[in-house]
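For reference, the structure is listed below as structure tokens.
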Amino acid sequence: MNNPYDTYKNNSVFTATKEELTAMLYDGAVRFCNQAIIALENKDMEKANEMIKRTQAIIQEFRLTLDKKYEISAQLDNLYEYMLHRLIQANIKKDLAILTTVRDDIKEMRDTWKEAIKLSRINSTSGTKVLNS
């Protein structure tokens with residue numbers, strides 16, 4: 001029998017817009033960073049390594065899916081590349097400070113992304129009202 005939470009989670013992914021999927025990936029990266037931080041604090045190096053690698057996979061996915069026709073893509077690519085470099089350093093050195101900084105950077109990007117989604121929806125809604133007036 002299926003777990004209702006798993007069913008809900010699967011449905012939310014399959015019905016999400018591209019923008020919402022990106023937000024979910026940011027949430028996942030933050031969650032994995034938090035789990036890595038806790039693992040490092042608990043001296044669980046194997047789990048820390050796994051959680052950092054999961055974070056890296058999400059950041060790498062962001063790099064691979066950038067739409068190069070937009071000017072900002074090059075800037076985001078540089079930022080993502082820097083984050084990957086820092087995650088590798090955090091993993092090698094088992095450095096909480098580096099990992100915390102990267103986590104905070106991802107949180108800031110996630111929050112900015114969610115705000116952009118909200119503004120986009122407001123603008124599209126207000127645009128529709130103007131067109132229908």
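Listing for the model above:
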{"quantity": "Per residue accessible area in Å² of the chain, where ligands, DNA and RNA are left out and the probe is 1.4 Å", "calculated": "69 Å²"}
{"quantity": "In the stretch 1-115, lysine pairs with alpha-carbon atoms under 27 angstrom apart (chain gap of 8 or more, or interchain)", "calculated": "28"}
{"quantity": "Selected from ASN49, ASN91, ASN123 as most flexible by GNM, with the chain as the system and alpha-carbon contacts under 10 Å", "calculated": "ASN123"}
{"quantity": "Rounded to 10°, Cα long-axis angle of helix 45-64 versus longest principal axis of the chain", "calculated": "30 degrees"}
{"quantity": "Range in the chain, longest, excluding exposed trypsin sites (Lys or Arg not before Pro) [loop by DSSP; at most 10 other beta-carbon atoms within 10 Å]", "calculated": "70-133"}
{"quantity": "Accessible-area composition of the chain, carbon plus sulfur, in percent [1.4 Å probe]", "calculated": "55 percent"}
{"quantity": "Within the chain, helix-based [θ] at 222 nm, where runs of 4 or more DSSP H residues each add -39,500 (n - 2.57), nearest 500", "calculated": "-30000 deg cm²/dmol"}
{"quantity": "Linear extension gain, ARG54 paired with THR17, 0.36 nm per residue minus alpha-carbon span", "calculated": "11.1 nm"}
{"quantity": "Whole-number percent relative contact order across the chain, with pairs defined as alpha carbons under 8 Å at least 6 apart", "calculated": "26 percent"}
{"quantity": "For the stretch 72-81, 3J(HN,Hα) per residue [Karplus equation, 6.51 cos²θ - 1.76 cosθ + 1.60, θ = phi - 60°, Hz, x = Gly/Pro]", "calculated": "5, 4, 5, 5, 5, 4, 4, 5, 5, 4"}
{"quantity": "Choice from ILE92, ILE38, ILE58 showing the highest fluctuation, given a GNM over the chain with Cα pairs closer than 10 Å", "calculated": "ILE92"}
{"quantity": "Gyration tensor verdict on the stretch 1-112 (Cα atoms; rounded if a/c is under 1.5, prolate if a/b is larger than b/c, oblate otherwise)", "calculated": "oblate"}
{"quantity": "Under the Karplus curve 6.51 cos²θ - 1.76 cosθ + 1.60, θ = phi - 60°, whole-Hz ³J(HN,Hα) for the stretch 114-125, x wherever Gly or Pro sits", "calculated": "5, 5, 4, 4, 4, 5, 4, 5, 4, 5, 6, 5"}
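The values are calculated or read from the model by the stated rules, or taken from the named source; none is laboratory data. Note that the structure is a prediction, hence the values are computed from the model and not measured. Neighbour counts run over all protein chains shown; Cβ positions are idealised from the backbone, glycine included. These accessible areas exclude ligands, DNA and RNA; they are computed on the full protein's heavy atoms, side chains included. Shrake-Rupley method; radii C 1.70, N 1.55, O 1.52, S 1.80 Å.
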